[in-house]
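Trainee: This is the structure I have questions about; it appears just below.
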Amino acid sequence: MSYQILSSNTQPESIAAYARLLSEVFTQTRKFTPEYLAWQYARNPHGQVVGSDAYQGGELVAHHATLPVAYRFFGETLKGVLALNNVTHPAHQGKGLFTRLGLNTFEQARSLGYDFVITVTNANSTPGYLGKFGFRLISPLDVKVGLGRVAVPPPDPGKVCALWTPETLAWRFANPDARYYTNGLSVLTKAGGAGIRAQVKSLAEQEVGKLSLGHLGLGLAIWIGLSGARRQKGLFVNLPDRLKPSPLNLLFKDLGGKVPAFGKDDIQFELADFDAF
């Protein structure tokens with residue numbers, strides 16, 4: 001069975017095809033609309049989508065996308081891509097498209113001058129990223145649930161963190177599928193019933209003020225990420241593994257040998273850095 005492999009793009013007809021395929025496969029969410037994908041793929045201030053598409057008979061049957069990001073590694077700024085939106089139509093699974101598109105996408109990123117790939121995977125996709133693509137596991141993400149706020153200090157220049165600017169923050173929180181709030185020092189979004197909210201990003205007070213967000217009071221909150229410097233303001237506990245829908249594993253791949261070695265204790269990572277929540 002032959003496939004035509006093309007680079008992903010932001011043309012309206014391509015965006016519409018990505019939305020149809022993602023919505024057909026990921027039926028548990030309604031977020032994959034053309035508007036949502038145009039926001040993700042075309043409006044990111046760091047750059048447009050880098051990805052690979054498989055077509056058969058003119059029909060899109062698989063898609064592997066990454067979004068450009070910038071990170072600071074121990075004082076040095078490098079640019080990379082965040083892998084997400086990896087999908088194959090059920091009728092075309094088992095044909096090697098996951099591997100083919102992934103390798104093609106990461107080679108594209110390398111040839112465009114990106115230094116690394118970072119991603120968060122679930123239990124199903126982690127083995128493929130580790131075995132087929134040569135990623136390494138940094139750590140499963142911590143999941144905290146409780147009443148109050150998880151305080152994450154400003155990024156340490158001597159550590160590893162995503163770089164956010166006023167422009168990229170404004171884009172990030174213009175997500176058409178979500179509505180964001182603040183409790184003064186964090187950006188939050190509602191994450192289900194019973195008043196549960198997810199803490200998406202810790203920010204300085206002046207940064208929050210520039211985003212013109214509504215206020216959300218205290219309630220049951222969930223925090224997902226990694227930060228050795230975080231402080232819990234209130235009562236928080238680790239979410240038991242049996243209650244997690246899937247483990248969330250932070251994975252990393254160096255594309256060109258420029259990235260210094262780092263581990264779990266070196267990185268500050270929050271929901272805003274990986275999930276369009």
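The values are calculated or read from the model by the stated rules, or taken from the named source; none is laboratory data. Quantities reported herein were computed from a predicted structural model and do not represent experimental measurements. Glycine also receives a Cβ, built like all others from the backbone with ideal geometry; neighbour counts cover every protein chain displayed.
Trainee: Could you say whether any residue in region 217-238 is at pLDDT 80 or above, assigned to a loop (DSSP other than H, G, I, E, B), on the phi < 0 side of the Ramachandran plot and over 21 Å from the mean Cα position of the chain (by Cα)?
Mentor: no
Trainee: Assess whether GLN108 counts as being assigned to a helix (DSSP H, G or I) and either in contact with an Asp or Glu (Cβ under 7 Å, 6 or more places away or on another chain) or surrounded by fewer than 19 Cβ atoms within 10 Å (Cβ to Cβ) (or both).
Mentor: Considered against the rule, which asks whether it is assigned to a helix (DSSP H, G or I) and either in contact with an Asp or Glu (Cβ under 7 Å, 6 or more places away or on another chain) or surrounded by fewer than 19 Cβ atoms within 10 Å (Cβ to Cβ) (or both), GLN108 comes out as yes.
Trainee: When you look at PRO127, is it touching a Cys at 6+ places or on another chain (Cβ under 6 Å) and over 18 Å from VAL49 (Cβ atoms), yes or no? Let's see the steps before the verdict.
Mentor: On the way: touching a Cys at 6+ places or on another chain (Cβ under 6 Å): no; over 18 Å from VAL49 (Cβ atoms): yes.
For PRO127, the condition - touching a Cys at 6+ places or on another chain (Cβ under 6 Å) and over 18 Å from VAL49 (Cβ atoms) - is not met.
Trainee: Oh, and also: Out of (1) over 21 Å from the mean Cα position of the chain (by Cα); (2) of a type outside the set (D, E, K, R); (3) modelled with pLDDT of 95 or more; (4) on the phi < 0 side of the Ramachandran plot, the odd one out for SER2 is which?
Mentor: (3)
Trainee: Okay, next question. Scan region 161-209 for residues that are in contact with a Leu (Cβ under 8 Å, 6 or more places away or on another chain), in a loop (DSSP other than H, G, I, E, B) and not β-branched (Val, Ile, Thr) and report the count.
Mentor: 7
Trainee: How many residues, within region 17-33, are surrounded by 15 or more Cβ atoms within 10 Å (Cβ to Cβ) and part of a helix (DSSP H, G or I)?
Mentor: 7
Trainee: For region 40-95, which residues satisfy the criterion of being buried (at least 19 other Cβ atoms within 10 Å of the Cβ) and either of a type in the set (Ser, Thr, Tyr) or part of a helix (DSSP H, G or I) (or both)?
Mentor: Selection gives GLN40, TYR41, SER52, THR66, TYR71, THR88.
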